[in-house]
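Can you keep this structure in mind? I'll have questions shortly.
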Amino acid sequence: MRWTPGGRSDDIEDDRGQSGGGGGGFNFGGAHIGIGGFLILLVLSLVFKRNFLSLAGVGGPGPTTQISRPDPVRDQREEPLVQFVSFVLDDAQKTWSQILSAQGVAYRHAKLVLFRDSIRSACGQARSASGPFYCPVDEKVYIDLGFYDELKQRFGAPGEFAEAYVLAHELGHHVQKLLGIEGKVHAAQEQNPRAANQLSEMLELQADCFAGVWGHSTDQRKLLDPGEVREGLNAAAAVGDDRLQRMAGQTVNPETFTHGSSQQRMDWFQKGFSTGDMKSCNTFAQ
């Protein structure tokens, strides 16, 4: 992407020196659980209607965040990435402020929290293995920058625009919160638990489409180099539910999808990117 390095966003909260925890997975009964174990606990929670995730320290009360020593070497190595996510954060929020203000909706800036290993958010304790996430309670996006190494090396989705897509997707959830969409979906899930997965999938696909709307803006302003749109599509495909289930050694089961298949995620991102119109992102009408 065409951007000028330097400086940090005022909306970044750097908690990398304050994060505690035991590495890039979940701790469950003393055992280390990665993304495969996380998916299993998620499925069990949905089937038995018990919060098995809380047993892994996710989405529920957890231990007090421990203080860890800052890592100057790693901090310096990650600084270019910090500056890049600062650019994406500021650019995307400026874009959404303009889009929403044109519709008479006030835009409140989300904060981006950088952490390592684990962190206590208003939505509960989270660890690196859960990946980037948006917490609607405190209106903050949380990310361990080490996820971008995973995105390149494990998921095979390199490139700056792939990295930008991840953050733009999470900010899409913030837009949903401001528009009242997130609250309505949460209420509908509580009223009809059987539809919880389907509603979650629609919410996630809309966030992909919103990420595409911001991508359209960057393309119109000539910020993208040739081929970078493909990077964003590759990133969307990399985190499709079907691909994640295969990577975890599971049989693909669409009934358990909560984010959408790789093809669905690419299609909705492409729709937002092609139109640049958030009105085209009504995944709930499909």
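The values are calculated or read from the model by the stated rules, or taken from the named source; none is laboratory data. Every value quoted in this text rests on a predicted model; they were computed, and no experiment measured them. Using ideal geometry, Cβ is built from the backbone for each residue, glycine included, and neighbour counts are taken over all protein chains shown. We work out accessible area using only protein heavy atoms, side chains counted, and drop any ligands, DNA or RNA first. Shrake-Rupley method; radii C 1.70, N 1.55, O 1.52, S 1.80 Å.
Pairs please, first residue from region 190-202 and under 26 Å from residue 280 (Cα atoms), second anywhere and open to solvent by less than 30 Å² (accessible area, probe 1.4 Å) and of a type in the set (D, E, K, R), Cβ atoms under 9 Å, 6+ apart in sequence or on different chains.
Once the first residue is under 26 Å from residue 280 (Cα atoms) and sits in region 190-202, its partners that are open to solvent by less than 30 Å² (accessible area, probe 1.4 Å) and of a type in the set (D, E, K, R) give 201/241.
Select from region 245-280 the residues that are open to solvent by less than 50 Å² (accessible area, probe 1.4 Å) and small (Gly, Ala, Ser) and write down the one among them that is farthest from residue 207 (Cα to Cα).
Per the stated criteria, the residue is 248.
Something else: Somewhere in region 224-232, is a residue small (Gly, Ala, Ser), in a helix (DSSP H, G or I), open to solvent by less than 30 Å² (accessible area, probe 1.4 Å) and modelled with pLDDT of 95 or more? Working first, answer last.
Looking only at region 224-232, we keep the residues that are small (Gly, Ala, Ser), and these are 227, 232.
After this cut, where a residue has to be in a helix (DSSP H, G or I) as well, the list is 232.
Still in the running and open to solvent by less than 30 Å² (accessible area, probe 1.4 Å): 232.
Next, from what is left, pick out any that are modelled with pLDDT of 95 or more: none.
No, region 224-232 has no match at all.
Among the residues of region 137-154, which ones are over 22 Å from residue 74 (Cα atoms) and more than 12 Å from the chain's Cα centre (by Cα)?
Listed by number, the residues that qualify are 137, 138, 139.
Name the residue, out of 162, 207, that is in contact with an Asp or Glu (Cβ under 8 Å, 6 or more places away or on another chain), buried (at least 22 other Cβ atoms within 10 Å of the Cβ), within 22 Å of residue 88 (Cβ to Cβ) and without any contact (Cβ under 8 Å) to a residue 60 or more places away in the chain. Before you say what the answer is, go through the steps one by one.
Details: 162 fails: without any contact (Cβ under 8 Å) to a residue 60 or more places away in the chain.
Exactly one of 162, 207 is in contact with an Asp or Glu (Cβ under 8 Å, 6 or more places away or on another chain), buried (at least 22 other Cβ atoms within 10 Å of the Cβ), within 22 Å of residue 88 (Cβ to Cβ) and without any contact (Cβ under 8 Å) to a residue 60 or more places away in the chain, namely 207.
Related question: Considering only region 155-166, I want to know if a residue exists there that is hydroxyl-bearing (Ser, Thr, Tyr) and assigned to a helix (DSSP H, G or I).
Yes, the conditions are met somewhere in region 155-166.
Hey, any hits in region 238-255 for a residue that's on the phi > 0 side of the Ramachandran plot and free of Cβ contacts under 8 Å to residues at least 24 places away in the same chain?
Filtering region 238-255 down to residues on the phi > 0 side of the Ramachandran plot leaves 249.
Subset that is free of Cβ contacts under 8 Å to residues at least 24 places away in the same chain: none.
Within region 238-255, not a single residue is on the phi > 0 side of the Ramachandran plot and free of Cβ contacts under 8 Å to residues at least 24 places away in the same chain.
A further question follows. Out of (1) open to solvent by less than 20 Å² (accessible area, probe 1.4 Å); (2) assigned to a helix (DSSP H, G or I); (3) closer than 29 Å to residue 122 by Cβ; (4) in contact (Cβ under 8 Å) with a residue 60 or more places away in the chain, what's the single condition that is false for residue 172?
(4)
Would you confirm whether any residue within region 141-153 is open to solvent by 30 Å² or more (accessible area, probe 1.4 Å) and either modelled with pLDDT of 95 or more or in contact with an Asp or Glu (Cβ under 8 Å, 6 or more places away or on another chain) (or both)?
Looking only at region 141-153, we keep the residues that are open to solvent by 30 Å² or more (accessible area, probe 1.4 Å), and these are 147, 149-150, 152-153.
If we keep only those that are either modelled with pLDDT of 95 or more or in contact with an Asp or Glu (Cβ under 8 Å, 6 or more places away or on another chain) (or both) as well, we get none.
No, every residue in region 141-153 fails to be open to solvent by 30 Å² or more (accessible area, probe 1.4 Å) and either modelled with pLDDT of 95 or more or in contact with an Asp or Glu (Cβ under 8 Å, 6 or more places away or on another chain) (or both).
If I filter region 124-137 for residues that are under 22 Å from residue 85 (Cβ atoms), modelled with pLDDT under 95, surrounded by fewer than 18 Cβ atoms within 10 Å (Cβ to Cβ) and polar (S, T, N, Q), do I get at least one hit?
Taking every residue of region 124-137 in turn, none turns out to be under 22 Å from residue 85 (Cβ atoms), modelled with pLDDT under 95, surrounded by fewer than 18 Cβ atoms within 10 Å (Cβ to Cβ) and polar (S, T, N, Q).
Here is a further query. Scan region 175-204 residue by residue and report those that are touching a helix residue (DSSP H, G or I) at 6+ places or on another chain (Cβ under 6 Å) and either of a type in the set (A, V, I, L, M) or under 16 Å from residue 95 (Cβ atoms) (or both).
From region 175-204, those touching a helix residue (DSSP H, G or I) at 6+ places or on another chain (Cβ under 6 Å) are 175-176, 182, 185, 188-189, 196, 199, 202-203; that's our starting set.
Matches in region 175-204: 175, 176, 185, 188, 196, 199, 202, 203.
Any idea how many residues of region 250-273 are assigned to a helix (DSSP H, G or I), hydrophobic (A, V, I, L, M, F, W, C) and over 16 Å from the mean Cα position of the chain (by Cα)?
1
Among the residues of region 100-111, are any in contact with a Lys or Arg (Cβ under 8 Å, 6 or more places away or on another chain), over 25 Å from residue 7 (Cα atoms) and open to solvent by 40 Å² or more (accessible area, probe 1.4 Å)?
Filtering region 100-111 for residues in contact with a Lys or Arg (Cβ under 8 Å, 6 or more places away or on another chain) gives 110-111.
Retained after the next criterion (residues that are over 25 Å from residue 7 (Cα atoms)): none.
Among the residues of region 100-111, not one is in contact with a Lys or Arg (Cβ under 8 Å, 6 or more places away or on another chain), over 25 Å from residue 7 (Cα atoms) and open to solvent by 40 Å² or more (accessible area, probe 1.4 Å), which makes the answer no.
Could you tell me whether residue 82 is modelled with pLDDT of 90 or more, aliphatic (A, V, I, L, M), over 28 Å from residue 180 (Cβ atoms) and not in a loop (DSSP other than H, G, I, E, B)?
Working: modelled with pLDDT of 90 or more: yes; aliphatic (A, V, I, L, M): yes; over 28 Å from residue 180 (Cβ atoms): yes; not in a loop (DSSP other than H, G, I, E, B): yes.
Yes; evaluated as a whole, the condition is true for this residue.
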